[in-house]
Amino acid sequence: MIKSAEIIIIGGGIIGSSLAYHLSKLGIRDICLLEKGELASGSTGDSAAIIRHHYTNEISIRLVKDSINILSELQHETGNHFLHQNGWVFLCPENADSMFDLNMKQLIDLGIETKEIDIKNTISLLPNINPTGISKVAYEPDSGYADPKSVVESFAKIAKTNGTNIYTNTKVIGISKSNNQINSVETDKGNIKTNKVINAAGPWAYDISMLAGINLPLTVSREQEIMLTNPEQESGLNLSVSNMVDKIYLRPKGKHSVLIGQGHPKTNEIVHPDKFNRKADNQFISETQSRVINRFPNLSNFQLSSSWSGLYTITPDWHMIIDNELSLKGYGIAVGGSGHSFKLGPSIGKQLAQEIVSSQSSSINISSLGLSRFKSNKEFKSTYGGNRG
Ligand SMILES: Cc1cc2nc3c(=O)[nH]c(=O)nc-3n(C[C@H](O)[C@H](O)[C@H](O)COP(=O)(O)OP(=O)(O)OC[C@H]3O[C@@H](n4cnc5c(N)ncnc54)[C@H](O)[C@@H]3O)c2cc1C
């Protein structure tokens, strides 16, 4: 274990790994990433990792666009294939029509490749769909999903090649400071001197921040997903689908399996990240299965092959909180993914790395994501609410 580092990143999920990668690309060699489990063992590993641009606010749209470019480059750099740009479809109910129109206008104004399609074209993209009750449909041909573990491992591999020290199975248990300046991080394997720490600890970010004496407005919820499989039959689903009509999202996993979760509006079950049921509930499984079969009747021949629960880390306005430095000198945060930040993570790591290295604004100005927004009434507003952003 090293004795000192210029920058310590706590957390090896999408945020921490992207930050390490981008800092190392900017020439910082003395980086240390600490992960208490394996890489991507937190929310990132449990994520559906669906990627779409359809957001209410400009900054999220720009971050997604940049993230897709970063992931494409990372594929070339590593030779790994983890980005599936098979397209994304949004099924909108009638009561959200006007919000849909507002979002689409902004997306098109920002140059995002998206279009509204009619039911006939929807059926040509999703041949097994039951179109009942769908009011509007958006299609993004360049969106889709990614393999989240492979993305994190790819970021980490390059960061490591560039000299980053990555310690897995190493838990942060203390943060020391003097004169309001961070001076070391304590782990279960020893202490590391440093003047700079970034908290990217996902659902544990609140606890980590309390080690530094800083309270963050974060809550953690348990979120369930299921996988349906039929080894004898193809699902016919090639795209990712956010289905606000039935409040579910789904995406393919190979040709014979489909991953499904429930979307907002839904009740979020607040839990502690160290004490929650990793299995999905029977009621959730049957309800989710019935919603998806109603929309895609061909999936009635598919069996439950796995189910699990992961964690959202929710902020008061359902958008991440990112600060290069808070009131404690040397302490920065990139926390509160709020159930939709896998797709933002690659670019968030890049923007934060630029701020850390140059102490100036990043190529996409992320200052509006700072913690101070909650005190100055500058919280983000979202058209559809929850993690739909
Ligand atoms: C079921 C589910 C579905 C989702 N679907 C989508 C989706 O379709 N699209 C999308 O964009 N987003 C989605 N998300 C959200 C997305 O996955 C998260 O916003 C994102 O992965 C959060 O990444 P992170 O790096 O902040 O946190 P994490 O991935 O949780 O990483 C934090 C890491 O910090 C480590 N850590 C914590 N405490 C310590 C400590 N004391 N010492 C050392 N290490 C520590 C943890 O072990 C963990 O690995 C989903 C999330 C869930 C749970």
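For Leu371, the test of being within 16 Å of the ligand (Cβ to nearest atom), closer than 30 Å to Asn179 by Cα and either among the polar types (S, T, N, Q) or surrounded by fewer than 19 Cβ atoms within 10 Å (Cβ to Cβ) (or both) is passed. Within the stretch 148-165, can one find any residue that is part of a strand (DSSP E or B), more than 20 Å from the chain's Cα centre (by Cα) and within 16 Å of the ligand (Cβ to nearest atom)? Yes: one or more hits. In this structure, Phe276 qualifies as open to solvent by 40 Å² or more (accessible area, probe 1.4 Å), within 15 Å of the ligand (Cβ to nearest atom) and either within 21 Å of the chain's Cα centre (by Cα) or assigned by TED's automatic domain parsing to the domain that holds Glu225 (or both).
You will find that of Phe296, Phe284, the residue that is farther than 30 Å from Asn199 by Cβ, within 13 Å of the ligand (Cβ to nearest atom), surrounded by 16 or more Cβ atoms within 10 Å (Cβ to Cβ) and in contact (Cβ under 8 Å) with a residue 12 or more places away in the chain is Phe284 and no other.
Looking at Leu211, Leu228, can you tell me which residue is out of contact with any Cys (no Cβ under 8 Å at 6 or more places or on another chain), within 14 Å of the ligand (Cβ to nearest atom) and not acidic (Asp, Glu)?
On the way: Leu228 fails: within 14 Å of the ligand (Cβ to nearest atom).
After ruling out the rest, the residue left standing is Leu211.
Scanning the stretch 329-362 for residues that are part of a loop (DSSP other than H, G, I, E, B) and touching a residue at least 60 places away in the same chain (Cβ under 8 Å) gives Gly330, Gly336, Gly337, Gly339, Ser341, Phe342, Lys343, Leu344.
Of all residues in the stretch 16-45 being open to solvent by 30 Å² or more (accessible area, probe 1.4 Å) and not hydroxyl-bearing (Ser, Thr, Tyr), which is nearest to the ligand (Cβ to nearest atom)? Among those that are open to solvent by 30 Å² or more (accessible area, probe 1.4 Å) and not hydroxyl-bearing (Ser, Thr, Tyr), it is Lys36.
Here is a list of conditions, (1) among the acidic types (Asp, Glu); (2) open to solvent by 20 Å² or more (accessible area, probe 1.4 Å); (3) in contact (Cβ under 8 Å) with a residue 24 or more places away in the chain, and Glu140 meets all of them except one; can you say which number that is? In the conditions (1) among the acidic types (Asp, Glu); (2) open to solvent by 20 Å² or more (accessible area, probe 1.4 Å); (3) in contact (Cβ under 8 Å) with a residue 24 or more places away in the chain, Glu140 misses (2) alone.
Of Asn95, Asn103, all but one fail to be open to solvent by less than 20 Å² (accessible area, probe 1.4 Å), polar (S, T, N, Q) and either touching a residue at least 12 places away in the same chain (Cβ under 8 Å) or outside the structural domain of Ile348 (by TED's automatic domain parsing) (or both); the exception is Asn103.
Look through the stretch 242-263, keep the residues that are within 11 Å of the ligand (Cβ to nearest atom), touching a helix residue (DSSP H, G or I) at 6+ places or on another chain (Cβ under 9 Å) and at pLDDT 95 or above, and return whichever of them is most open to solvent (accessible area, probe 1.4 Å).
Step one: filter the stretch 242-263 for residues within 11 Å of the ligand (Cβ to nearest atom), giving 242, 249-251, 259-263.
Right, trim to touching a helix residue (DSSP H, G or I) at 6+ places or on another chain (Cβ under 9 Å) and you get 242, 250, 260-263.
Then drop every residue that is not at pLDDT 95 or above, which leaves 242, 250, 260-262.
Numbers: Ser242: 12, Leu250: 1, Ile260: 0, Gly261: 0, Gln262: 29 Å².
Only one residue fits best here, namely Gln262.
Looking at the stretch 324-339, which of the residues that are open to solvent by 10 Å² or more (accessible area, probe 1.4 Å) and within 14 Å of the ligand (Cβ to nearest atom) is farthest from Val185 (Cα to Cα)? Per the stated criteria, the residue is Gly339.
Among the residues making up the stretch 268-315, those that are outside any helix (DSSP H, G or I) and over 28 Å from Gly37 (Cβ atoms) are Phe296, Phe302, Gln303. Total residues in the stretch 253-272 satisfying the condition of being more than 18 Å from the chain's Cα centre (by Cα) and in contact (Cβ under 8 Å) with a residue 60 or more places away in the chain: the figure is 2. For Leu216, the criteria (1) within 22 Å of the chain's Cα centre (by Cα); (2) within 12 Å of the ligand (Cβ to nearest atom) hold in every case but one, which is (2).
From the list Glu58, Glu73, exactly one residue is within 22 Å of the chain's Cα centre (by Cα), farther than 24 Å from Thr313 by Cα and surrounded by fewer than 16 Cβ atoms within 10 Å (Cβ to Cβ). Which is it?
The conditions single out Glu73.
Of the residues that make up the stretch 176-183, is at least one among the hydrophobic types (A, V, I, L, M, F, W, C), more than 15 Å from the ligand (Cβ to nearest atom) and either in a helix (DSSP H, G or I) or surrounded by fewer than 20 Cβ atoms within 10 Å (Cβ to Cβ) (or both)? No, that holds for no residue.
The values are calculated or read from the model by the stated rules, or taken from the named source; none is laboratory data. Given the structure is predicted, the values throughout are model-derived calculations rather than measurements. Positions of Cβ are generated from backbone atoms using ideal geometry, with glycine treated the same way; all protein chains shown enter the neighbour counts. Remember, those area values only see protein heavy atoms, side chains included, never the ligands or the DNA or RNA. Shrake-Rupley method; radii C 1.70, N 1.55, O 1.52, S 1.80 Å.
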